[in-house]
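See structure below.
The values are calculated or read from the model by the stated rules, or taken from the named source; none is laboratory data. Since the structure is predicted, the reported quantities are computational estimates derived from the model, not experimental observations. As a convention, Cβ positions derive from the backbone with ideal geometry for all residues, glycine included, and neighbour counts pool all protein chains shown. Quick note on the areas: whole protein, heavy atoms, side chains included, nothing else; ligands and nucleic acids left out. Shrake-Rupley method; radii C 1.70, N 1.55, O 1.52, S 1.80 Å.
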Amino acid sequence: MREEELIVYKELEDGQILRDMVWLMEHYRSGDGRARPLFFECMHGLLERAATHGFQGNLWHCYLADLLVNNENSYSLACEIRGEVPGSINQLVLHDMAVFKEFFEYDHTEMMEVLKAPEFYFVLHYERAQQASRVYSTRIRDRICELAGQLAETASAAEMKSVLTEFYSAYGVGRLGLHKAFRVEHPEAGVQIMPIRNISHVQLDDLIGYEIPKKKLIENTEAFVAGRKANNCLLFGDAGTGKSTSIKAIANEYYDRGLRIIELYKHQFHDLNDVVAQIKNRNYKFIIYMDDLSFEEFETEYKYLKAVIEGGLEKKPDNVLIYATSNRRHLIRENFSDKEGRRDQMHSSDTVQEKLSLVYRFGVTIFFCGPDKKQFEEIVRGLAVRYGVVMEEEKLLAEAGKWELSHGGLSGRTAQQFIDYLRGREGSD
């Protein structure tokens, strides 16, 4: 086998199973005592990946497909979202696809007989025990399993390349391509962007009411993913009104169009330059999301954030925006002494302007106002219908009124909590 002859797909993350299997393909007849234990070790590795990734069917093919969709190389990165690219790179990729086609077409029957390992049959015809994947969403997991079957059935290296390129165009490549949302972590190797695998599957329609705020958010995000000019965006207003839910919803809504969300916390602002450096040359659109953003007067991180958002020497990449949510319109706590006529500092207007300058960096500000009694009841009615809560309307609204008095007041969050309470009580009466 020719894995050492790979050119473009040379650096394969998690490629140890491939290297071991190739060694077995070349040495299983030699009588080398290492072969049989290594074969069982490979079986164990494939089964472990099936457990973590949720694969089923031919686990060998799923493993190979997973290597290909996660390999970030000059070809796959060029094809992500954009599709087929011209140039000599295509001929080099065809060479690599011919090598991978040998891997996909390899018949393990004789190896199983010689090494007395009939159990490998179940690796090639695997039925998973559980539906969950700890690595991918269900949609991506199923698509990779489907891709494995398609690659195995291709008639030529050119057809294999075409199928794989279509995947890159539709889903992207690697960690940033195959996931919607990410957080910033600090493992041993510095700042890393790690996937969030259990993002809520909410949609903007799930947020009842707030049509004007949602429209402004959609318009700005649509312009961004379409490659037009768009602004950093601040969602502010009362607690529990759906600001964070709206951000999660656009992550779900625009994922297929190349939008990715990276969550960043206030204590991680010093990582912002490193994060931008990792994403600025990718073909995706990135929203750096800062939830519940606010600063006390003694906190000075806002000055650093202000410089990074806009105002430094390096131009902000066109594929990066910052979306933030906050309960404060101006993000930084203001004192009564900041009011005109109450200022007791020299050049106090400069101090006030410095506090306000951060919010001015957000070109779009969207207000989420707490609902009044009528709007709250409308939200309760809508959620009751959505979740199949059966109760006389008069009683439903009366109970909701009692609930909000002792659970945080009028808000969409309170309405959701009330409906969840009713759903949890069903069957226990």
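Could you go through the stretch 24-39 and let me know if any residue there is open to solvent by 30 Å² or more (accessible area, probe 1.4 Å), under 18 Å from MET160 (Cα atoms) and either touching a helix residue (DSSP H, G or I) at 6+ places or on another chain (Cβ under 6 Å) or of a type in the set (Ser, Thr, Tyr) (or both).
No.
Which numbered condition trips up ARG134, out of (1) touching a His at 6+ places or on another chain (Cβ under 8 Å); (2) open to solvent by 90 Å² or more (accessible area, probe 1.4 Å); (3) in a helix (DSSP H, G or I)?
(3)
If you take the residues in the stretch 357-383 that are among the β-branched types (Val, Ile, Thr), within 19 Å of PRO213 (Cα to Cα) and assigned to a helix (DSSP H, G or I), which one is nearest to the chain's Cα centre (by Cα)?
Looking at residues that are among the β-branched types (Val, Ile, Thr), within 19 Å of PRO213 (Cα to Cα) and assigned to a helix (DSSP H, G or I), I get VAL359.
Quick one: would you say ASN73 is more than 20 Å from ARG2 (Cβ to Cβ) and either of a type outside the set (D, E, K, R) or open to solvent by less than 60 Å² (accessible area, probe 1.4 Å) (or both)?
no
Determine whether the stretch 108-130 contains at least one residue that is surrounded by 12 or more Cβ atoms within 10 Å (Cβ to Cβ) and under 25 Å from the mean Cα position of the chain (by Cα).
yes
Just wondering, is there one or more residues in the stretch 342-359 that are in contact with a strand residue (DSSP E or B) (Cβ under 8 Å, 6 or more places away or on another chain) and at pLDDT 85 or above?
No: zero hits.
Condition first: basic (Lys, Arg) and farther than 30 Å from SER30 by Cβ. Now tell me which residues in the stretch 112-156 satisfy that.
ARG128, ARG134, ARG139, ARG141, ARG143
Residues to consider are ARG36, ARG2; find the one that is in contact (Cβ under 8 Å) with a residue 40 or more places away in the chain, of a type in the set (Lys, Arg) and under 26 Å from GLU127 (Cβ atoms).
One residue alone meets the criteria, ARG36.
Can you tell me which residues in the stretch 360-412 are touching a strand residue (DSSP E or B) at 6+ places or on another chain (Cβ under 8 Å) and of a type in the set (S, T, N, Q)?
Once the filter is applied, which keeps residues that are touching a strand residue (DSSP E or B) at 6+ places or on another chain (Cβ under 8 Å) and of a type in the set (S, T, N, Q), the stretch 360-412 yields only THR365.
Among the residues of the stretch 384-411, write down those that are in contact with a Phe, Trp or Tyr (Cβ under 8 Å, 6 or more places away or on another chain) and either assigned to a helix (DSSP H, G or I) or open to solvent by 80 Å² or more (accessible area, probe 1.4 Å) (or both).
Matches in the stretch 384-411: GLU399, ALA400, TRP403, GLU404.
Rundown of residues vs (1) under 18 Å from the mean Cα position of the chain (by Cα); (2) free of Cβ contacts under 8 Å to residues at least 40 places away in the same chain; (3) buried (at least 21 other Cβ atoms within 10 Å of the Cβ), yes/no style:
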{"position": "TYR210", "(1), (2), (3)": "no, no, yes"}
{"position": "LYS216", "(1), (2), (3)": "no, no, no"}
{"position": "LYS229", "(1), (2), (3)": "no, yes, no"}
{"position": "SER246", "(1), (2), (3)": "yes, no, yes"}
{"position": "ILE261", "(1), (2), (3)": "yes, no, yes"}
{"position": "ASP274", "(1), (2), (3)": "no, no, no"}
{"position": "ILE288", "(1), (2), (3)": "yes, yes, yes"}
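Name the one entry in TYR421, TYR387 that is free of Cβ contacts under 8 Å to residues at least 24 places away in the same chain, touching a helix residue (DSSP H, G or I) at 6+ places or on another chain (Cβ under 9 Å) and of a type in the set (Ser, Thr, Tyr).
Matching residue, one of TYR421, TYR387: TYR421.
I need every pair where a residue in the stretch 396-413 that is acidic (Asp, Glu) has its Cβ under 7 Å from the Cβ of a residue that is part of a helix (DSSP H, G or I), sequence separation at least 6 or different chains.
GLU404/PHE376; GLU404/THR414
Mind counting the residues in the stretch 76-93 that are part of a helix (DSSP H, G or I) and open to solvent by 50 Å² or more (accessible area, probe 1.4 Å)?
3
Starting from residues that are open to solvent by 10 Å² or more (accessible area, probe 1.4 Å) and part of a helix (DSSP H, G or I), keep the ones in the stretch 53-66 and report whichever is farthest from LYS10 (Cα to Cα).
Out of the qualifying residues, it is HIS53.
Examine the stretch 39-56 for a residue that is farther than 15 Å from ILE17 by Cα and acidic (Asp, Glu), and state whether such a residue exists.
Taking every residue of the stretch 39-56 in turn, none turns out to be farther than 15 Å from ILE17 by Cα and acidic (Asp, Glu).
Report yes if ASP14 is open to solvent by 80 Å² or more (accessible area, probe 1.4 Å), charged (D, E, K, R) and modelled with pLDDT under 95, otherwise no. Can you show your working first?
Working: open to solvent by 80 Å² or more (accessible area, probe 1.4 Å): yes; charged (D, E, K, R): yes; modelled with pLDDT under 95: yes.
Criteria met by ASP14.
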